[in-house]
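Participant: Here it is, the structure, as structure tokens.
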Amino acid sequence: MHSSKRTTLRALVRAAAFLAMSFSLFGALTLNAPAQAQTVLDEVLKARKITIAIPTDFPPYGFVGTDLKPQGLDIDMANYIAAKLGVAIELVPVTSANRIAYLQTRKADLVISTLGKNPEREKVIDFTAAYSPFFQAVFGLKSQPIKSFADLAGKTIAVTRGAMEDQELAKVAPAGADVKRFEDNNATVAAFVSGQVNLLATGASVAGNMMARNPNLGAEYKLLLKDSPNFIGVGKGEDKLRLKVNEIIAEGRKSGDLDRMAMKWLGRPAGDLPN
């Protein structure tokens with residue numbers, strides 16, 4: 001065979017061998033490539049179930065009803081999200097102390113438990129947009145026409161000494177308002193329930209518990225002292241789930257569903273909440 005032909009043949013053989021080796025290597029790399037990690041949202045939709053941590057000791061946001069089942073604003077919100085996702089729900093009771101740990105250890109996919117957002121918490125978990133208000137306010141009997149802080153003049157108002165609502169009330173109480181300070185929430189609430197004072201300045205949870213225990217009292221929300229909205233906790237980096245829940249929250253704001261939930265449990269609409 002002519003030398004040039006032999007050279008060409010050897011070159012073709014080498015090229016074929018190289019291509020075979022390349023395809024083999026590519027196939028091996030493809031087979032050994034790790035599968036794309038599933039997100040929590042992917043897992044929830046695949047299992048058709050979401051696990052949500054909720055409070056059961058913090059009325060009106062979460063407590064155990066007479067039927068021994070959890071109820072409250074946070075429970076309604078959890079059920080709302082599950083319904084919008086089209087999945088079943090498992091409610092997991094948590095406390096203030098362990099609710100973030102439940103999210104970090106994947107014992108819960110979301111935490112809906114009067115969770116406030118702050119820089120320290122943002123280091124370990126992510127947050128959705130706000131879904132409900134948490135606030136300090138003035139409460140009174142439905143029969144009392146209190147429309148503005150000026151209407152507090154001539155009224156006696158119970159408040160817990162040194163609490164946030166005490167500080168906020170001091171900023172807005174008009175001259176002539178008689179602020180009665182008590183040493184703890186139990187004494188403050190007892191003064192209002194027994195009729196020793198006209199009005200009660202306290203947090204939404206304390207007031208909600210008071211109204212749940214005394215339904216015949218006829219108490220209601222009157223004036224806002226300070227707003228501290230609640231956010232839903234999401235695992236760090238779980239952006240698909242966070243953005244999906246944000247879509248549901250935005251839809252709930254637009255439809256009025258969030259306002260209806262807040263009115264049902266807090267006596268006031270959700271209003272404008274931060275993203």
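Read the figures in this text as sums done on the coordinates, not as results from a lab. Quick caveat: nothing in here was measured; it's all calculated off a predicted structure. Neighbour counts run over all protein chains shown; Cβ positions are idealised from the backbone, glycine included.
Participant: Let me check I've understood the local charge: for residue 117, count other residues with C-beta under 12 angstrom from its C-beta, Lys and Arg +1, Asp and Glu -1. What total comes out?
Facilitator: So the surrounding residues net to -1.
Participant: A follow-up question, please. R0 = 25 Å: FRET efficiency of residue 171 with residue 118, Cβ-based, nearest 0.05?
Facilitator: Given R0 = 25 Å and the Cβ-Cβ separation, E is 0.65.
Participant: Follow-up. Out of all DSSP beta bridges with both ends in the range 135-227, state the antiparallel percent to the nearest 5.
Facilitator: Looking only at bridges with both residues in the range 135-227, the antiparallel portion is about 60 percent.
Participant: Using Cα centres only, tell me the gap between the range 158-214 and the range 70-147 in whole Å.
Facilitator: When both Cα centres are located, 24 Å separates them.
Participant: Which whole-number percent gives the relative contact order of the chain, counting Cα pairs below 8 Å spaced six or more residues apart?
Facilitator: Rounded, it is 23 percent for the chain.
Participant: For 138, 179, what's the fewest-to-most ordering of other Cβ within 10 Å of each Cβ?
Facilitator: Lowest count first: 179, 138.
Participant: To check you understand DSSP bridge types, tell me what percent of the beta bridges within the chain (both residues inside) are antiparallel, rounded to 5.
Facilitator: 60 percent
Participant: Please give the length that would be gained between residue 214 and residue 106 if that part of the chain were fully extended, namely 0.36 nm times their separation in residues minus their C-alpha to C-alpha distance (nm, one decimal).
Facilitator: 35.1 nm
Participant: Let me ask something additional. Tally Lys and Arg at +1 and Asp and Glu at -1 over the other residues with C-beta under 13 Å from the C-beta of residue 179: what net charge comes out?
Facilitator: Residues near residue 179 contribute +1 overall.
Participant: Within a 10 angstrom radius of the beta carbon, how do 95, 188 rank from fewest other beta carbons to most?
Facilitator: By the 10 Å Cβ count, ascending: 95, 188.
Participant: Now for a separate question. Cα gyration tensor of the range 135-227, axes a ≥ b ≥ c as square roots of the eigenvalues: rounded (a/c below 1.5), prolate (a/b > b/c) or oblate?
Facilitator: Rounded is the answer for the range 135-227, as its axis ratio a/c remains below 1.5.
Participant: Using helices alone, what [θ] at 222 nm do you get for the chain, with -39,500 (n - 2.57) per DSSP H run of 4 or more residues, divided over all residues and rounded to the nearest 500?
Facilitator: -13000 deg cm²/dmol
Participant: Over 31 Å between Cα atoms: which of 107/222; 84/147; 117/240; 171/244 fall into that group?
Facilitator: 107/222; 84/147; 171/244
Participant: Residues in the range 194-221 near a label at residue 141, defined as backbone nitrogen under 17 Å from the 7 Å Cα→Cβ point?
Facilitator: 194-201, 211, 214-221
Participant: Where in the chain are the helices, taken as whole DSSP H runs, whose Cα atoms extend 30 angstrom or more along the long axis and whose Kyte-Doolittle mean reaches at least 0.0?
Facilitator: Membrane-span-like by this rule: 3-32.
Participant: If we count every other residue with Cβ under 13 angstrom of residue 73's Cβ, Lys/Arg +1 and Asp/Glu -1, where does the sum land?
Facilitator: -1
Participant: Continuing with the same structure: Express as a percent, rounded to the nearest 5, the fraction of DSSP beta bridges in the range 48-98 (both residues included) that run antiparallel.
Facilitator: 35 percent
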